[in-house]
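Single-structure report; data block below.
The values are calculated or read from the model by the stated rules, or taken from the named source; none is laboratory data. Every value quoted in this text rests on a predicted model; they were computed, and no experiment measured them. Here the Cβ positions follow ideal geometry from the backbone for every residue, glycine too, while neighbour counts run over all protein chains shown. Each accessible area value is taken on the protein alone, full model and side chains, heavy atoms only, with ligands, DNA and RNA left out. Shrake-Rupley method; radii C 1.70, N 1.55, O 1.52, S 1.80 Å.
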Amino acid sequence: LVQGQIAGGLAGLLAAVRLRLGVIDPIAGDEAVPLFERFYAGGANSVRGYARRHIGTLVDGDPLGGRSLVEMSAELRRTIVGDLGGAIFVDAGQVGLHGDALPFDDLQVGTGVGLRYRSPVGPIRVDLGIPLDRPAGDAPAVARLRAAGAIPFARTNMPDLGLRWHTDSSLHGVTRNP
């Protein structure tokens, strides 16, 4: 998996781009790749506007995952007032069943707008993504809330025992990161 991102600003605008490419090719004689090791695309941190993991092959509405992945995103951000900002974005991605080629030929594209709030405990974002090629049965637009931050436990001479967390409404929960 190769991943990169870059951001830069000019005249009050911040532009950010992200690219993620991946290929899975088993080295041993076993050609099967377990479901939990496959690539998936779609959702709040992937291609916004599509349901979580719903880009690529679906079997009875469930994602099959794949051996190759392409994801890219471009976002333009601007402060509206104080700690509140806005964004417009376009995302694209695809998952391929085979690891012999990256699936650039059938990219699924989502676009949308978002709000960003710099809270005291970390950034909070709300995005409304619209798939440009909506799969049958999926919603015409997908809204996601994402929050991330750090809450310090101690303000004494003790070492920092901060709880670092993120929550994503598409994941339905809070996880603890080391």
Which residue, of G12, G43, is out of contact with any Ser or Thr (no Cβ under 6 Å at 6 or more places or on another chain) and either farther than 20 Å from D106 by Cα or open to solvent by less than 40 Å² (accessible area, probe 1.4 Å) (or both)?
G12
Residues of the range 56-72 being polar (S, T, N, Q) and open to solvent by 20 Å² or more (accessible area, probe 1.4 Å), in sequence order, are T57
Sole exception among (1) acidic (D, E); (2) out of contact with any strand residue (DSSP E or B) (no Cβ under 7 Å at 6 or more places or on another chain); (3) part of a strand (DSSP E or B) for E71, by number:
(2)
Here the residues within the range 74-89 that are in a strand (DSSP E or B) and charged (D, E, K, R) are E75, R77, R78
Among R38, R53, which is in contact with a Lys or Arg (Cβ under 8 Å, 6 or more places away or on another chain), open to solvent by 10 Å² or more (accessible area, probe 1.4 Å), at pLDDT 90 or above and not hydroxyl-bearing (S, T, Y)?
R38
Give the residue, chosen from G110, G86, G82, that is buried (at least 19 other Cβ atoms within 10 Å of the Cβ) and modelled with pLDDT of 90 or more.
G110
Residues (over 14 Å from G93 (Cα atoms) and in contact (Cβ under 8 Å) with a residue 24 or more places away in the chain) located in the range 26-48
V33, L35, R38
Based on what the data block shows, is E75 exposed (fewer than 15 other Cβ atoms within 10 Å of the Cβ), under 18 Å from the mean Cα position of the chain (by Cα) and not basic (K, R)?
no
For the range 49-68, which residues satisfy the criterion of being part of a strand (DSSP E or B) and free of Cβ contacts under 8 Å to residues at least 12 places away in the same chain?
V59, D62
Among the listed residues D127, D105, D168, D138, identify the single one that is of a type in the set (D, E), modelled with pLDDT of 85 or more and surrounded by 13 or more Cβ atoms within 10 Å (Cβ to Cβ).
D127
Check on V23, surrounded by 11 or more Cβ atoms within 10 Å (Cβ to Cβ), more than 15 Å from V90 (Cβ to Cβ), of a type in the set (V, I, T) and out of contact with any strand residue (DSSP E or B) (no Cβ under 6 Å at 6 or more places or on another chain):
no
